[in-house]
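Here is the structure we will look at.
We did not get these values from a lab; they are worked out from the coordinates using the rules stated. Computed from a predicted model, the values in this text were never measured in an experiment. Virtual Cβ from ideal backbone geometry, glycine too; neighbours counted across all protein chains shown.
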Amino acid sequence: MIKVRNLNFMYEETKEVIKDLSFDIKKGAWVSILGHNGSGKSTLAKVLVGLLKAQSGQIFIDDIELTENTVHEVRKKVGIVFQNPDNQFVGVTVRHDIAFGLENMKIPQEEIVKRVDLYARLVGMEDYLKKEPQQLSGGQKQRVAIAGALAMHKDIIIFDEATSMLDPEGVFEVTNLIRKLNKEQGQTIITITHDLEFALKSDYALILSEGVLIKEGKPSEVFLEEDLLRQSKLTVPPGLKLYLDVKNDPKLKEQSELVDALWTFNLKK
Amino acid sequence: MDIQFKEVGYAYQGFKKQYHALKNINLEIEKEGEFIAIVGQTGSGKSTLVQHLNALMKPTSGTINILGTVLPSKKKIKVNHLRQKVGLVFQFPEYQLFEENILKDVEFGPSNFKETKDHKTEYAKKSLKLVGIDESLYEESPFRISGGQMRRVAIAGILAMNPNILVLDEPTRGLDPQGKDDIMDLFNEIHVQEHKTIIMITHDMDIVAKYAKRVVVLNQGEIVFDGKKDDLFQHEDFHTFHLDYPTHMRMMNHLHETLGIKKKFVKNQDELLSYLKEVFK
């Protein structure tokens, strides 16, 4: 369980990035945090893991308040995958990179080997374990970063635009993997994204605009408010757009089968 | 014909065997008026192909004629001028920004070519205006602006070389939906106003459907389709190309499968909506 209360953050004295933010995230949920570029969503991710310190407000992770004294304890529970894989590749090879976090956790060698093999396979990188980072594409480095974060078996994992460099097929694979781990292992997942299509698959959505939480709820309900999406500068993807067009058409909206079929189209992709 | 590939192949030596990244490529491109999407799975040879367009890579078999320069050449010839005529924007071009301020960064490209170096400031300012970077930002560091703005500055750096042909390797990757639309509208404007040929690698079939006129499909280093986009999406062998359909066509298929609505070729979302209005009259 994550509890955020009256959080405020600014980089410089005049520029507020997060304004009086309060929300809860339930254990085992998959929550999307949505917002346009510059809405404060990546900053929020860094504040949640204690990489940046908020000027005021409180964050509780499983009832532990995040402070300078508890930050190490909190980081044992929360993992994060950043947007740019180049800034987080620390190993000489893919194998070393996935193992890096596990070694820091002092996990026995045998177990490390097992987990590296397992998670490399789950992200489709099992044939690249001996490769060096410069031999990999951006998307492949993102897969490695995701495997490294998942291998640590943290209670909560934050993905900050972690699929931005993958091709559509890759995004689909990673989405399914996230969903599977969330369902089977009960990890709490937070995905930070501007992609409404991606967020549709999560259980709950928080929409940020200019550092303010402007809406929260189930994606299937929240995304129906086209004006709100426009206000938060989120672009409505084509699948959702047609669904909304049909729902707003006086004649077509009576066709409940059609409305349902367009909705399931958005969910299955 | 301004660019012509004749039976072009590109092979490289791996650890034990030879890999053929491109095989028997025949391709003709005009320097004006074309908007070509190059599509295909990861590893199909798209990036290798476009790097041949300005002589960054040279064919290991066959020949390419780029605006009168024939490659490979037996004699040692200069190919530098081709990099000015065919402007190549790499993936994530913002990673290549390096200067202390935005204007200097954009001036760097044109300062390298005799055709453009005397006008570098003029061309840089014109390009920055075109990509929507305000004059007040010229003296800013290119590392103190947003990711979307950084990409615009990087693209301005190529435009400032005043190329005849613009080649883009996944220009929208990593941008948010609004950023994607903005960047594509920018290229479309350049295409419409200056008639420059645009050649673009993309995975996004919605972008292909909206902007491209012609599509070249690569599969394992070979061209398996070269023609109009409408013909591609109605091609009976489409499933063998390992491509997605654009969203509006996938929706049509979904409605056909779930509700039994008769399939009809629609070019975009608006056509699909009017078709549905007709069906449910």
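Taking the helices alone, chain B has a mean residue ellipticity at 222 nm of -10500 deg cm²/dmol, built from -39,500 (n - 2.57) per DSSP H run of at least 4 residues and averaged over all its residues.
Rounded to the nearest 20, the size of the Cβ-charge dipole of the protein assembly as shown about its Cα centre is 1340 debye, with Lys and Arg at +1 and Asp and Glu at -1. Describe numerically, in nm with one decimal, the distance between label points set 7 Å from Cα along Cα→Cβ at B:ASP185 and at A:ASN248. It is 1.7 nm. Among the residues of B:257-264, the average count of other protein chain beta-carbon atoms within 10 Å of the residue beta-carbon is 2.
Shielding of peptide B:270-277 by partners, expressed as the average count of other chain Cβ atoms within 10 Å per residue Cβ, is 3. Quick one: check the C-alpha center-to-center distance for segment B:61-75 versus segment A:183-204, whole angstrom. Answer, in whole Å: 51.
Across segment B:76-81, coupling constants 3J(HN,Hα) worked out from phi with the 6.51/-1.76/1.60 Karplus curve, θ = phi - 60°, read 7, 10, 7, 10, 3, 4 Hz, and Gly and Pro carry x. Take each residue of peptide B:85-98, count the partner chain Cβ atoms within 10 Å of its Cβ, and average: the result is 1. Need one word for segment A:134-231: rounded, prolate or oblate. Basis is the Cα gyration tensor (sqrt eigenvalues a ≥ b ≥ c); a/c below 1.5 gives rounded, then a/b vs b/c decides. Here segment A:134-231 falls in the prolate category.
Using a/c under 1.5 as the rounded threshold, could you call segment B:133-234 rounded, prolate or oblate? The axes a ≥ b ≥ c are square roots of the C-alpha gyration tensor eigenvalues, and prolate needs a/b larger than b/c, oblate otherwise. Prolate, since a/c reaches 1.5 and a/b exceeds b/c. For B:VAL167, the residues whose amide H sits under 5 Å from its own are B:GLY87, B:LEU88, B:VAL89, B:ILE199, ignoring neighbours fewer than 5 places away on the same chain, with H placed 1.01 Å from N. Assuming a ≥ b ≥ c are the square roots of the Cα gyration tensor eigenvalues, decide whether segment B:40-125 counts as rounded (a/c under 1.5), prolate (otherwise, with a/b larger than b/c) or oblate. Note, shape of segment B:40-125 comes out oblate. Ordering A:SER220, A:VAL123, A:HIS194 by Cα displacement along the dipole of chain A toward the positive end leaves A:VAL123 in first place; charges were set at the Cβ atoms of Lys, Arg (+1) and Asp, Glu (-1). From least to most packed, judged by other beta carbons within 10 angstrom and beginning with the fewest, B:ARG152, A:ARG95 follow the order A:ARG95, B:ARG152. Ordered by the count of other Cβ atoms within 10 Å of each Cβ, fewest first, A:ILE112, A:ILE33, A:ILE214 give A:ILE214, A:ILE112, A:ILE33.
Ordering A:THR67, A:THR14, A:THR175 by the number of other Cβ atoms within 10 Å of each residue's own Cβ, fewest first, gives A:THR14, A:THR67, A:THR175. Note that segment B:26-40 has calculated 3J(HN,Hα) couplings of 10, 8, 10, 9, 8, 7, 10, x, 9, 9, 10, 9, 9, 10, x Hz, one per residue in order, obtained from phi through the Karplus relation 6.51 cos²θ - 1.76 cosθ + 1.60 (θ = phi - 60°); glycine and proline are x.
If you take all other residues with their beta carbon under 9 Å from the beta carbon of A:ASP160, and give Lys and Arg +1 and Asp and Glu -1, the sum is +1.
For segment B:127-136, 3J(HN,Hα) computed residue by residue from phi via the Karplus equation (6.51, -1.76, 1.60; θ = phi - 60°) reads 5, 4, 5, 4, 7, x, 9, 6, 4, 5 Hz, glycine and proline entered as x.
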